[in-house]
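The values are calculated or read from the model by the stated rules, or taken from the named source; none is laboratory data. Worth saying up front: this structure is predicted, and the values here are computed from it rather than measured. Every residue, glycine among them, receives a Cβ derived from its backbone with ideal geometry; neighbour counts consider all protein chains shown.
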Amino acid sequence: MFIEPNINNMRRGWIEVICGSMFSGKTEELIRRLKRAKIANLNVEIFKPDMDTRYDAKNIVSHDENAIISNPVANSKIILSLVENAEVIGIDEAQFFDDDLPDVCDQLALNGVRVIVAGLDMDYMCKPFGQVPNLLAKADYITKLHAICVKCGNIANYSYRKTNHDTQIFLGEKDIYEPRCRNCYYKGDEA
């Protein structure tokens with residue numbers, strides 16, 4: 001579903017991307033921005049992929065258990081049909097969405113919506129993850145967050161998988177992933 005841009009719209013829309021490794025605070029920052037928009041009495045709609053049920057089937061929940069209600073959706077095009085009067089759209093776990101997500105975000109921004117997207121920029125193999133790199137290319141504002149390396153205490157950019165599962169998408173928490181700096185990531189189990 002394509003939304004025809006309203007060139008007479010007085011609101012200026014844009015795309016903000018919050019990215020980084022696991023445990024860097026991406027969801028926490030997304031929730032903070034969305035709560036501030038609600039305090040400003042803006043019409044806010046929030047979405048997450050329906051496959052992400054780690055903490056809650058409906059809410060977006062950070063690792064620190066901060067939460068905000070959301071709409072789980074099967075694909076990004078559904079978002080267009082659910083945002084009729086939204087002024088701010090929040091999207092979590094962008095890396096799990098389909099290839100249409102960058103175009104959906106672009107259409108929303110063209111119609112005066114502030115779009116805030118959070119997601120992993122790299123997978124556990126240090127490869128660009130899902131549509132986040134394409135969103136970074138379209139973003140008006142980018143926030144790259146860092147975790148702390150659990151091995152040495154330096155800034156961590158990498159999500160190290162502690163198990164032998166080799167599929168790109170493997171949902172997990174601290175029992176399966178840990179944040180690591182570049183050196184400790186490449187040392188692997190020797191770190």
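Annotations
- Neighbours by Cβ (under 8 Å, 6+ apart or cross-chain): first from the stretch 123-145, touching a residue at least 24 places away in the same chain (Cβ under 8 Å) and more than 10 Å from Cys19 (Cα to Cα); second polar (S, T, N, Q) and part of a strand (DSSP E or B): Asp123/Ser159; Tyr124/Ser159
- Residues satisfying the stated conditions in the stretch 116-161, i.e. in a loop (DSSP other than H, G, I, E, B), of a type in the set (D, E, K, R) and surrounded by 14 or more Cβ atoms within 10 Å (Cβ to Cβ): Asp121, Asp123, Lys151
- Some residue of the stretch 83-91 being among the polar types (S, T, N, Q), modelled with pLDDT of 90 or more, more than 25 Å from Tyr177 (Cβ to Cβ) and surrounded by fewer than 18 Cβ atoms within 10 Å (Cβ to Cβ): yes
- Only one of the listed residues (Ile78, Ile31, Ile46) is under 15 Å from the mean Cα position of the chain (by Cα) and either modelled with pLDDT of 95 or more or part of a strand (DSSP E or B) (or both). That residue is Ile46.
- Top-ranked residue in the stretch 95-114 [being out of contact with any Phe, Trp or Tyr (no Cβ under 7 Å at 6 or more places or on another chain) and among the aliphatic types (A, V, I, L, M); ranked as nearest to Ser21 (Cα to Cα)]: Leu101
- The stretch 81-96 - residue that is out of contact with any helix residue (DSSP H, G or I) (no Cβ under 9 Å at 6 or more places or on another chain) and not in a loop (DSSP other than H, G, I, E, B) and, of those, nearest to Gly112 (Cα to Cα): Ser81
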